[in-house]
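Take a look at the structure set out below.
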Amino acid sequence: MLLRQARRHWLGLLPALAIWGCALARVLVDPTPHLPILFNWTPSLPYTVALMHYGHPPELQRGDFIVYAFAGDAQRRYPGLHAQPFFKQVKGVPGDRVTVTGRQVFVNGIAMGHAKPTTFDRYSLTPIAETVIPGGYYYVQGSHPDSFDSRYRESGLVHQSQVIGKVTPLF
């Protein structure tokens, strides 16, 4: 009887173990998403499921949602971030002006949010330097105040070569 219950529970756990195994392989072997459906489990954006359109779009527009391979300076402290896919919204395009007042970041005079002073584990965060966004780069941001995005030098602007694809949020 106990063996049958254990077997039944094991079979119930098998799908969860398979999902975790695939997720672990994705993180350790190849972090690039390959399926046409993207599942977002972070609070960075309010969308849980999105449709991926792979390839480098010729030119991104303000408001586009993208997935890109992380290449910021934070990967020195957190090596697991190297090439991890981030799902963000384009808020600044080449030619836009990024300014900072205190820790408040603006793009073309529009407030993008407050840059926190530290990470959750108490490492210092620096607001992005004031700049005009150069050609081939984008300012990206999540909608959550704790999103790790272009507000921080440790994340930085996203180069078009880092873009894995455009995303259409479904829900």
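The values are calculated or read from the model by the stated rules, or taken from the named source; none is laboratory data. Just so it is clear, the structure is predicted and the values come from calculations on it, not from any experiment. Every residue, glycine among them, receives a Cβ derived from its backbone with ideal geometry; neighbour counts consider all protein chains shown.
Some notes on this structure:
- Residue in segment 145-171 that is surrounded by the most Cβ atoms within 10 Å (Cβ to Cβ), counting only those that are of a type in the set (Lys, Arg) and out of contact with any Phe, Trp or Tyr (no Cβ under 8 Å at 6 or more places or on another chain): Arg151
- Residues (within 16 Å of Val105 (Cβ to Cβ) and polar (S, T, N, Q)) located in segment 125-171: Thr126, Thr131, Gln141, Ser143, Ser147, Ser150, Ser155
- Residue check for Gly142: of a type outside the set (Phe, Trp, Tyr), under 30 Å from Pro36 (Cβ atoms) and either surrounded by 19 or more Cβ atoms within 10 Å (Cβ to Cβ) or modelled with pLDDT of 95 or more (or both): yes
- All strands (runs of 3 or more DSSP E) inside segment 67-171 with 2 or more residues being over 13 Å from the mean Cα position of the chain (by Cα) and either at positive phi or without any contact (Cβ under 8 Å) to a residue 40 or more places away in the chain (or both): 97-101, 104-107, 110-114
- Test: Leu60 is in contact with a Ser or Thr (Cβ under 6 Å, 6 or more places away or on another chain), surrounded by 10 or more Cβ atoms within 10 Å (Cβ to Cβ) and either assigned to a loop (DSSP other than H, G, I, E, B) or at pLDDT 75 or above (or both): no
- Matching residues in segment 35-56 - criterion: being assigned to a strand (DSSP E or B) and within 19 Å of Gly142 (Cβ to Cβ): Leu38, Phe39, Val49, Ala50, Leu51, Met52
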